[in-house]
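Heads up, the thing below is written out as structure tokens.
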Amino acid sequence: MTSSITDHPTLSRVKAAFPDTTFKASEFRGDTSLIVPAAKLHEVMRFLRDDPDCEYNFLSDVLGVDYLGYPVKTEGRFAVVYLLMSYPNERRLTVKTFLDPSIDTSGIEPDPALEVDSVTDIWPGAEWRERECYDMFGIRFRNHPDLRRILTWEKYPAHPLRKDYPLRGRGERETYRVVEREDA
């Protein structure tokens, strides 16, 4: 039995709860994605968790995507993607929000356009995942309890998973002190 995007019951619930918001949705290989405007993200995520007909009680992952050079036009260069699971209803939903940078992304300067609300108050498990997204892509999460780098050091000069970051780095490795076996 095949299903279509119109079969996913969550979409009609979200549309009814937010009649003044424009959403987009897609389906690929049985997985449904809901594209939410960044300004409404936190409100929609809380609804998805708290609504008894939705009840997405598990946040599986938070990840960033850089669409620089992507062959298909997207709504923004960066996306923050949330993978949700409703165990009581046995449903999965992918929620995406797109962000477009307002300044050059090759440096480390914080871009006010690359910022969304944190969902750590809804799903506490999002804390480390949002930190990883911040560290690797430079996307900041408002109201995050501890937004700092998690995989690179605090003064790391860039965000290494951005597609405009050079594959060989910008000389970070050359400044490492070589540790010999005898030093350990």
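The values are calculated or read from the model by the stated rules, or taken from the named source; none is laboratory data. In this text, all values refer to a predicted model and were calculated from it rather than measured experimentally. Don't worry about glycine lacking a Cβ; one is built from the backbone with ideal geometry, like all the others, and counts go over all protein chains shown.
Does the stretch 105-123 include one or more residues that are more than 15 Å from the chain's Cα centre (by Cα) and in a strand (DSSP E or B)?
no
Looking only at the stretch 1-46, filter to residues that are exposed (fewer than 14 other Cβ atoms within 10 Å of the Cβ) and of a type in the set (A, V, I, L, M, F, W, C); which one of those is modelled with the lowest pLDDT?
Met1
Working only within the stretch 33-63, note down all residues that are assigned to a helix (DSSP H, G or I) and over 13 Å from Arg92 (Cβ atoms).
Matches in the stretch 33-63: Ala38, Ala39, Lys40, Leu41, His42, Glu43, Val44, Met45, Arg46, Phe47, Arg49, Asp50.
Give just the number: which of (1) touching a helix residue (DSSP H, G or I) at 6+ places or on another chain (Cβ under 8 Å); (2) part of a loop (DSSP other than H, G, I, E, B) does Glu27 not satisfy?
(2)
Can you say whether Thr74 is surrounded by 14 or more Cβ atoms within 10 Å (Cβ to Cβ), without any contact (Cβ under 8 Å) to a residue 60 or more places away in the chain and within 18 Å of Cys133 (Cβ to Cβ), as far as the supplied structure shows?
yes
In this structure, is Arg13 assigned to a helix (DSSP H, G or I), farther than 17 Å from Gly76 by Cβ and either within 18 Å of the chain's Cα centre (by Cα) or touching a residue at least 60 places away in the same chain (Cβ under 8 Å) (or both)?
no
How about the stretch 77-102: which of its residues are under 14 Å from Phe137 (Cα atoms), part of a loop (DSSP other than H, G, I, E, B) and touching an Asp or Glu at 6+ places or on another chain (Cβ under 7 Å)?
To start, the set of residues in the stretch 77-102 that are under 14 Å from Phe137 (Cα atoms) comprises 77-81, 98-101.
Narrowing further to those that are part of a loop (DSSP other than H, G, I, E, B): 77, 100-101.
Across the stretch 77-102, the qualifying residues are Arg77, Pro101.
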